[in-house]
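S.K.: Here you go, one structure.
The values are calculated or read from the model by the stated rules, or taken from the named source; none is laboratory data. What you see is a predicted model, and the numbers here were worked out from it, not measured in a lab. Using ideal geometry, Cβ is built from the backbone for each residue, glycine included, and neighbour counts are taken over all protein chains shown. Heavy atoms of the whole protein, side chains included, go into the accessibility calculation; ligands, DNA and RNA do not. Shrake-Rupley method; radii C 1.70, N 1.55, O 1.52, S 1.80 Å.
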Amino acid sequence: MDIIAELGSNPAPHGWPLEDYVQAAALTGATSVKVQCFRAEHFPEWAQAEKRKVEFPRARLGEFARLAHAYGLAAGASVFDAEAVELCAQELDFLKLAAREQHDYGLGCLCMHSGKRLYRSISEDKAFMDYGYTYQGGAVLWAIQKYPAGMIESILTLLHAARLFKSHGKRWGWSSHTRGWLDVTLAARLGASVAEKHFALSADDPEAGHSPMPAQFKRMVKRINGK
């Protein structure tokens, strides 16, 4: 199972100490590590000032990939624009389309033609029926676009998603935004081949509310692996 440690904006306030986060993710047993490659201008004007503070420094994509590989991890990024697709395809192992981009057909086509493994997050049945495709060994991941997402809602949604994916014979995954990890271990039991979970090193990290610390993430990985 591919277990993706999503760094999100958590390293940003600390000056993007990439090796600290990548090394810690590797020690938990994660198989991949991921960042988000967006521009603040992609978001509504009222959100841009805060988003600008946590933009991933694109000039460091190569460094991020080298660190991930040095620690035995695959490296990927969520992409939100054509430049990000091009840069990440040059440096990283896989691309991800976030649920907020699930109806962006143009961006999806760019990703599909990048030659990289493609993961797609979706949050509604219509997106699955319209764009439930993957590329180069990727998968469609179901996500709830709440931060944090409630555990009960997540489990009920997961059960629905698992039935839908299985009925169509799709390779699938789960992108978790809960405070815990019961939903992630259940996804593994239901046959998910990919699990994505945010990852933090400090309680002060911006997304710590839905990002397990290393010890908790490691326990999650062990449960996924049946240990």
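S.K.: Could you list, in sequence order, all residues of the stretch 177-227 that are among the polar types (S, T, N, Q) and over 22 Å from Asp20 (Cα atoms)?
M.R.: Thr178, Thr185, Ser193, Asn225
S.K.: Sticking with this structure for a sec: If Gln90 satisfies all but one of (1) open to solvent by 40 Å² or more (accessible area, probe 1.4 Å); (2) in a loop (DSSP other than H, G, I, E, B); (3) of a type outside the set (Gly, Ala, Ser), what's the number of the condition it fails?
M.R.: Going through the list (1) open to solvent by 40 Å² or more (accessible area, probe 1.4 Å); (2) in a loop (DSSP other than H, G, I, E, B); (3) of a type outside the set (Gly, Ala, Ser), Gln90 breaks only (2).
S.K.: I need every pair where a residue in the stretch 175-199 that is buried (at least 22 other Cβ atoms within 10 Å of the Cβ) and among the aromatic types (Phe, Trp, Tyr) has its Cβ under 7 Å from the Cβ of a residue that is part of a strand (DSSP E or B) and modelled with pLDDT of 95 or more, sequence separation at least 6 or different chains.
M.R.: Listed by first residue and then by second, the contacts come to Phe199/Ala5; Phe199/Glu6.
S.K.: Starting from the stretch 145-161, keep only residues that are over 14 Å from Gly8 (Cβ atoms), then list their pairs with residues that are of a type in the set (D, E, K, R) and modelled with pLDDT of 95 or more whose Cβ atoms are within a distance under 7 Å, requiring at least 6 positions of separation or different chains.
M.R.: Met151/Asp183; Ser154/Asp183; Ile155/Asp183; Leu158/Asp183
For (1) of a type in the set (S, T, N, Q); (2) part of a loop (DSSP other than H, G, I, E, B); (3) over 25 Å from Leu118 (Cβ atoms), each residue gets a yes or a no:
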| position | (1), (2), (3) |
| --- | --- |
| Arg179 | no, yes, yes |
| Ala188 | no, no, no |
| Gly209 | no, no, yes |
| Pro212 | no, yes, yes |
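S.K.: Restricting attention to the stretch 69-98, which residues are within 22 Å of His198 (Cβ to Cβ), in contact with a helix residue (DSSP H, G or I) (Cβ under 8 Å, 6 or more places away or on another chain) and aliphatic (A, V, I, L, M)?
M.R.: Listed by number, the residues that qualify are Leu73, Ala74, Ala75, Ala77, Val79, Ala84, Leu92, Leu95, Leu97.
S.K.: Checking Phe80 against (1) surrounded by 17 or more Cβ atoms within 10 Å (Cβ to Cβ); (2) over 14 Å from the mean Cα position of the chain (by Cα); (3) over 24 Å from Trp181 (Cα atoms); (4) not β-branched (Val, Ile, Thr), which test does it fail?
M.R.: (2)
S.K.: In this structure, does Leu118 turn out to be surrounded by 16 or more Cβ atoms within 10 Å (Cβ to Cβ) and part of a strand (DSSP E or B)?
M.R.: When the stated conditions are applied, Leu118 passes them.
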